[in-house]
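See below for the structure under consideration.
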Amino acid sequence: MSRDGYTGFTRGEARTSTARALQFANFGPLGKVARLPWSIILLIVGVGLTGAAMLFSVGWDPVAQAPSPEEAGLWRDHLSRLAVGFVLMITLALLPLGIWARLAWPAYATVIVLLVLVDFFGVMGGGAARWLKIGPIILQPSEPAKLAVTMALASYYQRAMPTGGQSPPLWVHGGALIIMLIPAALVFKQPNLSTALALAASGAMIIFFAGIAMRYVAGAMVLGLAMIPVIYTFVLEPYQRERVDTLIAGITGEATNGLGESYQIEQAKIAIGAGGLSGRGYLQGIQSQQEYVPEQHTDFILTIIAEEFGFLGAVGLLAVFAFLFAWSFMVAAKNRSWFGRLATIGATSTIAFFAIFNSGMVLGLLPVLGMPLPLISYGGTALITVMACFGLILSAHLHQDEKLSARGLF
Amino acid sequence: MARRQSPEADFDRRLLLAMGAGGAVFATLVARLSQLQFLEADHYEKLAAENHIRLVLSPPERGEILDRFGRPLASQRQAGRVSVVPERLTDAEATLKNLGRFIDLPEARVKRVLQDIQNNRLRRASFIPVTVVQELSYEEFARLRVRAVEMEGVDVEMASTRSYPRGRDFAHVLGYVARASADDITRMAEGRTGPELKTFEDLLRHPDIRVGRQGMERFAEDWLRGRPGRRRVVTNAHGRPMQELEQDPANAAVPGKDLYVTIDSELQRIAIERFEGESGAAVVVDVATGDVLAMVSTPAFDPNSFVNGISGKDYAELRDNPMAPLYPRAHGGVYPPGSTFKMVVATAALEAGVVKTSDTVRCGGSYRFGNRTWHCWKKGGHGTMNMHNALKHSCDVYFYEIARRTGVRKIAEVSHKFGFGETFVLGMTGGRSGLVPDPEWKQRARGEPWFEGETLNFGIGQGQLGTTPLQLALMTARIAATGAPLKPNLIGLGPPSPEDKTLDAPLDPAIMEIQKAGMYGVTSEPGGTAYRSGDLGLGGPRLAGKTGTAQVRRISAEERRKGIRGGEDIARELRDHALFVAYAPADNPKYAVSVIVEHGEGGSRTAAPVGRDILAAAIKMNSGRTPAYAKRAAVKTPDTDGAPEGDPA
């Protein structure tokens, strides 16, 4: 804990004393609301509003100079989802970490049951069974799974972490691996490769931060690299293999036919490249406005930002994301409980994984997988999940000094 | 082994590691962005421009077809059109069903539209609209215009479409246009290669383009079509035009040229009405200029129903109609001319010198040749006949005799001089030559020698002889013009019709005067076969003409004995055709006409009054007066279409 040389307080103490001086901190929930990091929340909402603005641009009809009737709903949907997500995020942020930790296992168990049910009774969509239909409610259990797995792993380490400044033995990490792999495997089987990868990535980050010895980390990396050709040859479907081929061709500058799998990425590159330094201006992106880039309202929304606001806009957005992730990591560092630290790491990793993978894919550096850009891409469930993850991070920030006992956890 | 740090301390260390890795990822993304947006920006800017600026074919407006006095016969009309864009349809069938609630959409039409949608999708041209209904009524247009806004993928707009304001009147002259079929494209694109071929085929496939299928629309296709232009437009990824760019005037479409026909559409109308629903044909020719002033074939079809594709059922109805509305009788109908041919035979006989006008033949009602008997139409016979009286009374026996004396070759030769056996294109399609028989033809076609008995039939316009109403009108005009050369015209201002030659084979004026006198006798001397129809009803001028009856089948000996010649006793389609050829005014011929009333039985009873009324109308309306296009062709002054009616004669 670094103490401020001038006041002699840690930052947490300074904040508490300031709030106390303002006669707020003791006023229960209201005081908590006042202590929320509103500048960060403003940034999150700001990114979400950027998403709405870009969706408005996607739905713009350049001939009529008006929103096209078919796509006018995009930005309105996004705004209302953002509002719902905002309320959820603030509510979750106010939950003490003790409650989060106690909810972890029931949430995990529920998600596993739902994932198994999807396997048997799932509604097919886009060639995969991802949805559960219970009466009028349509559930996509792979989305809450991201949060539930993070909470479960954090809770697991909170209990398993030895006292007395010792690293947990290897079998503890083995248990964590199993907790992560069960839902990941179920999601992979749906098949939903992108979510399975996100689960694995955030799980791996939690295990890494829980202190697994570096030699295992190095070993896993080497193994992973060694597996690439095997996975390419035996695991990938032909269409996935084609995407990888396209990717490699795109990076090495090899000529592609501009059709089929390479069309989308080729058009995305044209849109981005044509944006130049400062872009063509809002609603002026010709490549984007003329529907050249498929899936522009969902996975490829970064292209319209890059075309209309250029390099400055795109880098600005990436920088905002980078700042949010760095801030979240600091939240993790400052939290006193293992649950708080690792849950924050897991939630941050989930969002960061999507942000990085999405940009990499749109820029032609990673293969095309269904990865939304957090807070910006059109799509309700992903937006809600991201907002819930931010809720968890904000809670960890708000309750950084909360001491958790192992009681009530298992 | 290094001293183990506490997990808490290790956490901060690993955090730094992770943030370092994150920073590296961020740097990689920024590097990639700068590569695309700085280093290669120009390249992608160029690709983006190539992506969306396209040259789009803009179809030319088809030229109009106007009548002699500038009245439109085929024009481009703006009409409400409803189309669907396949790429914007989620459920084509549901959309069409929905449309069917507001407009009349037969099952067959729905099927065709669904097929077209499928074809466009297969051709990867889903952005090209498929026309559902080309011409909406005003009410339908107004209703749909409001509704279409909420119907996904439905466009309601004004579009240019071919229209024939005179409907059936000019069906056989003008023909009609239709969407170019694969056959049309092959036929019309012949001789074109490379990019020109590609442009031409694209033009023909354009949804707004129609090509002439028949008649003058087909003959004058190149004249009427115009030249397509090119528009520079911004298109979206699906090739749909999104925005017009500034256009180069040199790339504008050149509209097709207007075409004038020599016909007076009012005269045409009156002539058609005069048939009162009977089937037949009539052709009016200006004696002085050879202009065709009316060209009637009735019943006819409505060419408007072909423009946007006729349904199979409607077409079958036209095809199987016993009145044969698809049959172009005036220039494609071949009939035995019957007695209207007798002037030709008389001319041949006089030219051959085998008879003098004063020579007489006794008609006792029949003519014996070889071991067969040929009958005159008048059972009791005409008595002693000279040429004038033989024409006036249409005595068959006289013509049996002079035909026999003249011989088949001479009659055939003179027939050709009048234009028989010759195809007149005149800018139409479907014209036929008919047949002038001679011994060589018979040997060739039948492998039999000519029997002299056939010459007798030839002499009264029966037998193998086949003529068209158009040929008969031209024959009459040449007689009326006292043998002066005649150049038949149907196109007043338009592409030339090089196959049509001037009828200038020499005809002796003296002989023609004899024929004219005979024809005057027919209509204007007591006892003439068309005496009742001789007065034009204009308070003075009379007409001169010749009646004819063409046998549809042989009259058997038994029927002849029983006196059955037709009427209610036999089926309509077996009854004789009634013919009449005439010119007027008799003393100063201006117009010549030929009329055939199919199964009308007696030329004098049914065809002559029709011919008389047509000639009277032509004189009354001064149909042959200076046409609108004459000024247009001679003086290059703007539009004179305004006052065609007031032209002096």
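The values are calculated or read from the model by the stated rules, or taken from the named source; none is laboratory data. A quick note: this is a predicted structure, and the numbers were derived from the prediction, not measured. Neighbour counts run over all protein chains shown; Cβ positions are idealised from the backbone, glycine included. Note: accessible area is taken over every heavy atom of the protein model, side chains too, but ligands, DNA and RNA are not part of it. Shrake-Rupley method; radii C 1.70, N 1.55, O 1.52, S 1.80 Å.
In the range B:483-497 there is no residue matching the filter, namely being in the same structural domain as B:HIS382 (by TED's automatic domain parsing) and assigned to a helix (DSSP H, G or I). For the range B:175-194, taking the residues that are hydroxyl-bearing (Ser, Thr, Tyr) and surrounded by fewer than 16 Cβ atoms within 10 Å (Cβ to Cβ), the one that is farthest from B:ALA330 (Cα to Cα) is identified as B:THR193.
Candidates A:ALA343, A:ALA332, A:ALA355, A:ALA347: the one that is crowded, with 24+ Cβ neighbours inside 10 Å, in contact with a Cys (Cβ under 6 Å, 6 or more places away or on another chain) and either on the phi < 0 side of the Ramachandran plot or not in a helix (DSSP H, G or I) (or both) is A:ALA347.
Could you tell me whether any residue of the range B:443-463 is assigned by TED's automatic domain parsing to the domain that holds B:GLY545, open to solvent by 10 Å² or more (accessible area, probe 1.4 Å) and touching a Leu at 6+ places or on another chain (Cβ under 7 Å)? No, every residue in the range B:443-463 fails to be assigned by TED's automatic domain parsing to the domain that holds B:GLY545, open to solvent by 10 Å² or more (accessible area, probe 1.4 Å) and touching a Leu at 6+ places or on another chain (Cβ under 7 Å). Here the range B:1-16 is the region considered, the condition is being at the interface with chain A (Cβ under 9 Å from one of its Cβ atoms) and open to solvent by 60 Å² or more (accessible area, probe 1.4 Å), and the residue that is farthest from A:LEU302 (Cα to Cα) is B:ARG4.
Residue-wise test of (1) aliphatic (A, V, I, L, M); (2) touching a strand residue (DSSP E or B) at 6+ places or on another chain (Cβ under 7 Å); (3) in the same structural domain as B:ARG168 (by TED's automatic domain parsing); (4) buried (at least 18 other Cβ atoms within 10 Å of the Cβ).
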| site | (1), (2), (3), (4) |
| --- | --- |
| B:ALA348 | yes, no, no, yes |
| B:VAL354 | yes, no, no, no |
| B:THR384 | no, yes, no, no |
| B:VAL397 | yes, yes, no, yes |
| B:VAL408 | yes, no, no, yes |
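Each residue in the range B:598-615 was checked for being open to solvent by 10 Å² or more (accessible area, probe 1.4 Å) and part of a helix (DSSP H, G or I), and 6 pass.
Within the range A:381-401, is even one residue open to solvent by less than 10 Å² (accessible area, probe 1.4 Å), within 12 Å of chain B (Cβ to nearest Cβ) and not hydrophobic (A, V, I, L, M, F, W, C)? No, that holds for no residue. Residues in the range B:98-111: is at least one in contact with a His (Cβ under 9 Å, 6 or more places away or on another chain) and in the same structural domain as B:ARG62 (by TED's automatic domain parsing)? No, because not a single residue in the range B:98-111 is in contact with a His (Cβ under 9 Å, 6 or more places away or on another chain) and in the same structural domain as B:ARG62 (by TED's automatic domain parsing).
All of (1) modelled with pLDDT of 90 or more; (2) basic (Lys, Arg); (3) crowded, with 16+ Cβ neighbours inside 10 Å hold for A:ARG215 with one exception: (3). For the range B:578-599, the tally of residues that are under 19 Å from B:LYS378 (Cβ atoms) and not hydrophobic (A, V, I, L, M, F, W, C) stands at 0. Within 26 Å of the chain's Cα centre (by Cα), within 14 Å of another protein chain (Cβ to nearest Cβ) and either among the aromatic types (Phe, Trp, Tyr) or open to solvent by 20 Å² or more (accessible area, probe 1.4 Å) (or both): does that describe A:TYR239? It is false that A:TYR239 is within 26 Å of the chain's Cα centre (by Cα), within 14 Å of another protein chain (Cβ to nearest Cβ) and either among the aromatic types (Phe, Trp, Tyr) or open to solvent by 20 Å² or more (accessible area, probe 1.4 Å) (or both).
If only residues of the range A:287-298 that are within 16 Å of A:SER359 (Cα to Cα) and open to solvent by 30 Å² or more (accessible area, probe 1.4 Å) are counted, the one that is farthest from the other protein chains (Cβ to nearest Cβ) is A:HIS297. Within 25 Å of B:LEU474 (Cβ to Cβ) and not in a loop (DSSP other than H, G, I, E, B): is that true of B:VAL425 in this structure? Here the answer is no, as B:VAL425 does not meet what is asked.
For the residues B:LEU96, B:LEU105, the requirement of being in a helix (DSSP H, G or I), within 26 Å of B:ARG162 (Cβ to Cβ) and of a type outside the set (Gly, Ala, Ser) singles out B:LEU96. So which of A:LEU88, A:LEU92, A:LEU103 is in a helix (DSSP H, G or I), closer than 19 Å to A:GLY346 by Cα, in contact with a Gly (Cβ under 6 Å, 6 or more places away or on another chain) and at pLDDT 90 or above? Unique residue meeting the criteria: A:LEU92.
The rows are residues; the columns are (1) of a type in the set (S, T, N, Q); (2) touching a residue at least 24 places away in the same chain (Cβ under 8 Å).
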position	(1), (2)
B:GLY63	no, yes
B:LEU66	no, yes
B:ARG71	no, yes
B:GLN78	yes, yes
B:ARG101	no, no
B:LEU122	no, no
B:GLN134	yes, yes
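Just one of the numbered conditions (1) open to solvent by less than 60 Å² (accessible area, probe 1.4 Å); (2) farther than 30 Å from B:LEU470 by Cα; (3) within 26 Å of the chain's Cα centre (by Cα); (4) modelled with pLDDT of 85 or more is not true of B:VAL113: (3). Looking only at residues of the range A:317-328 that are open to solvent by 20 Å² or more (accessible area, probe 1.4 Å) and within 7 Å of chain B (Cβ to nearest Cβ), we find that the one that is nearest to the chain's Cα centre (by Cα) is A:PHE325. Looking at the range A:331-353, is at least one residue under 24 Å from A:ALA83 (Cα atoms), within 14 Å of chain B (Cβ to nearest Cβ), among the aliphatic types (A, V, I, L, M) and without any contact (Cβ under 8 Å) to a residue 40 or more places away in the chain? Yes, the range A:331-353 contains at least one residue that is under 24 Å from A:ALA83 (Cα atoms), within 14 Å of chain B (Cβ to nearest Cβ), among the aliphatic types (A, V, I, L, M) and without any contact (Cβ under 8 Å) to a residue 40 or more places away in the chain.
The single residue among A:ALA306, A:ALA314 that is assigned to a helix (DSSP H, G or I), within 10 Å of another protein chain (Cβ to nearest Cβ) and closer than 20 Å to B:ALA24 by Cβ turns out to be A:ALA314. All told, B:PRO469 meets the bar of being open to solvent by less than 20 Å² (accessible area, probe 1.4 Å), closer than 21 Å to B:ALA608 by Cα and not β-branched (Val, Ile, Thr).
Restricting attention to the range B:40-95, which residues are out of contact with any Leu (no Cβ under 9 Å at 6 or more places or on another chain), among the small types (Gly, Ala, Ser) and within 14 Å of another protein chain (Cβ to nearest Cβ)? B:ALA48, B:ALA49, listed by residue number.
Reported count of residues in the range A:185-210, each being within 14 Å of chain B (Cβ to nearest Cβ) and open to solvent by less than 10 Å² (accessible area, probe 1.4 Å), is 4. Listed by position, the helices (runs of 4 or more DSSP H) enclosed by the range B:276-346 that each have at least 2 residues that are open to solvent by 30 Å² or more (accessible area, probe 1.4 Å) are B:304-307, B:312-320. The residues in the range B:379-399 that are more than 21 Å from B:ALA544 (Cα to Cα) and assigned to a helix (DSSP H, G or I) can be counted, and the count is 1. Filtered by the rule that a residue be facing chain B (nearest Cβ under 10 Å) and open to solvent by 20 Å² or more (accessible area, probe 1.4 Å), the range A:274-286 gives A:LEU277, A:SER278, A:GLY279, A:ARG280, A:ILE286.
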